[in-house]
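Each remark here refers to the structure printed beneath this line.
The values are calculated or read from the model by the stated rules, or taken from the named source; none is laboratory data. What you see is a predicted model, and the numbers here were worked out from it, not measured in a lab. So basically every Cβ, Gly included, is an ideal-geometry build from the backbone, and we count neighbours across all protein chains shown. We work out accessible area using only protein heavy atoms, side chains counted, and drop any ligands, DNA or RNA first. Shrake-Rupley method; radii C 1.70, N 1.55, O 1.52, S 1.80 Å.
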Amino acid sequence: MMKNKIKIIAEIAQGFEGNSIYSELFVKAAAASGADAVKFQLVYADELATPDYKYYDLFKSLEMPEEVWQQISNIAIENKIALHLDIFGKKSIQLAEKIGVEAVKIHGTDIANKRLLNMVANTNIPQVILGAGGAFQNEIQVALDILKNKEVILLFGFQSYPTSNSDNHINRIKLARDIFSKTHPSLKIGFADHVNPETNIHLGLGAMAIGFGAEVLEKHLTLAKNMKMEDHESALNPDEFLEYVSFIHNCSSAIGFVNNDVDFGMSESEFGYRKMIRRHVVTIEPIYQGDVISSDNLALKRTSSIQALTDMSEVEGKIATKTISSNSPIEF
């Protein structure tokens, strides 16, 4: 039996802007919005770039002291929400491990960074989100092999400020499951949605992704769009994120569960429906004692009987032990 439980990650990325107060507010907003996890980029500029890089100073401005990250972890625990961190090198990995995060994310930029992948593989962090935006199949396979002892979520989707609808390629989710679950059967597939939140598709994409088999959704959260914080182009305000979470859970409940039994694992409610809609086996002409009953003698109709048969095959070929008048239900 397979049952769907969708994990929703509130993606902050660099939206906290190196501000500890913003960071704490983001954790609380994500928890209040019903997200299962909140994710920040744990940035140390020297892990990402050399000093001559044009965004080096931006990366530097995102750095926060270790005690601030510990406080963020504490607030996440208090608010009963998991803390996830993007990591980019040894220092960020060590801090993520030290403060006890549930999961780290390897950004798509590092999908082929074997040194980083091996460092993560040797931690006690249980879960790894592997960003697959812009990744080739062979790169994903190598990364999964390195992370074989981790619970891995392969996350599709990429940020294009915002990403155009046609660039989401949600059908890649099913293909990836078919390809990579052969060697990594416990693999989960996720989808990171970066669509323009002002369009009418901003709720539907996540629902479509879970319909294709995604078990994890990542969605950007901002404190207020009019603050124009980092990545606000594809982010939701807290009240909008609450609506998004409710919408996705409602869609998820409709997926239900299934098994390989003849009834597909049908619910009691559907069994009741089945019983209600099945018409009764009724004679369309008199059947006399000793006659062999065939489908030519029968039809399916609604009757007032509470013991009538509903399956013609149960009487076809049987011999009538008494005469049955026309338009009568055949009962057990």
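Residues that are exposed (fewer than 15 other Cβ atoms within 10 Å of the Cβ), part of a strand (DSSP E or B) and hydrophobic (A, V, I, L, M, F, W, C) within the stretch 301-322 comprise just one, 319. Of the residues making up the stretch 323-332, those that are part of a loop (DSSP other than H, G, I, E, B) and within 17 Å of residue 279 (Cα to Cα) are 326, 327, 328, 330, 332. Is it true that residue 150 is crowded, with 23+ Cβ neighbours inside 10 Å, out of contact with any Cys (no Cβ under 9 Å at 6 or more places or on another chain) and among the basic types (Lys, Arg)? In short, no. Among the residues of the stretch 293-310, is there at least one that is more than 51 Å from the chain's Cα centre (by Cα), farther than 30 Å from residue 210 by Cβ and polar (S, T, N, Q)? Yes, the conditions are met somewhere in the stretch 293-310.
Taken over the stretch 168-210, the residue count meeting the criterion of being assigned to a helix (DSSP H, G or I) and open to solvent by 60 Å² or more (accessible area, probe 1.4 Å) is 6. Residue 6 meets the conditions (1) out of contact with any helix residue (DSSP H, G or I) (no Cβ under 6 Å at 6 or more places or on another chain); (2) open to solvent by less than 60 Å² (accessible area, probe 1.4 Å); (3) more than 21 Å from residue 107 (Cβ to Cβ) in every case but one. The failed one is (1).
Could you please let me know if residue 93 is farther than 26 Å from residue 238 by Cα, surrounded by 21 or more Cβ atoms within 10 Å (Cβ to Cβ), without any contact (Cβ under 8 Å) to a residue 40 or more places away in the chain and of a type in the set (A, V, I, L, M, F, W, C)? Taking the combined requirement at face value, the residue satisfies it. Each residue in the stretch 147-161 was checked for being part of a loop (DSSP other than H, G, I, E, B), touching a strand residue (DSSP E or B) at 6+ places or on another chain (Cβ under 9 Å) and not basic (Lys, Arg), and 4 of them qualify.
Only one of the numbered conditions (1) out of contact with any Leu (no Cβ under 8 Å at 6 or more places or on another chain); (2) surrounded by 11 or more Cβ atoms within 10 Å (Cβ to Cβ); (3) modelled with pLDDT under 95 is not met by residue 229, and that is (1). Of everything in the stretch 29-38 that is touching a strand residue (DSSP E or B) at 6+ places or on another chain (Cβ under 9 Å) and assigned to a helix (DSSP H, G or I), the residue that is farthest from residue 83 (Cα to Cα) is 29. If we scan the stretch 28-44, do we find a residue that is over 30 Å from residue 254 (Cα atoms) and among the charged types (D, E, K, R)? No, there is no match, as no residue in the stretch 28-44 is over 30 Å from residue 254 (Cα atoms) and among the charged types (D, E, K, R). Residue 33 fulfils the conditions (1) touching a Pro at 6+ places or on another chain (Cβ under 6 Å); (2) open to solvent by 10 Å² or more (accessible area, probe 1.4 Å) except for a single criterion, (2). The condition of being of a type in the set (D, E, K, R) and within 27 Å of residue 14 (Cβ to Cβ) holds for only one of 233, 270, that being 233.
Taking every residue in the stretch 184-199 that is without any contact (Cβ under 8 Å) to a residue 12 or more places away in the chain and within 22 Å of residue 137 (Cβ to Cβ) and pairing it with any residue that is assigned to a loop (DSSP other than H, G, I, E, B) and open to solvent by 10 Å² or more (accessible area, probe 1.4 Å), at least 6 positions away or on another chain, yields no pair with a Cβ-Cβ distance below 9 Å. Restricting to the stretch 39-80, name every residue that is among the aliphatic types (A, V, I, L, M), touching a helix residue (DSSP H, G or I) at 6+ places or on another chain (Cβ under 7 Å), part of a loop (DSSP other than H, G, I, E, B) and touching a residue at least 24 places away in the same chain (Cβ under 8 Å). Hits for the stretch 39-80 are 42, 43, 64. A search for C-beta distances below 9 Å between a residue of the stretch 245-263 that is in contact (Cβ under 8 Å) with a residue 12 or more places away in the chain and more than 17 Å from residue 211 (Cβ to Cβ) and any residue that is open to solvent by 70 Å² or more (accessible area, probe 1.4 Å) and in a loop (DSSP other than H, G, I, E, B), counting only pairs 6+ apart in sequence or on different chains, returns 259/1.
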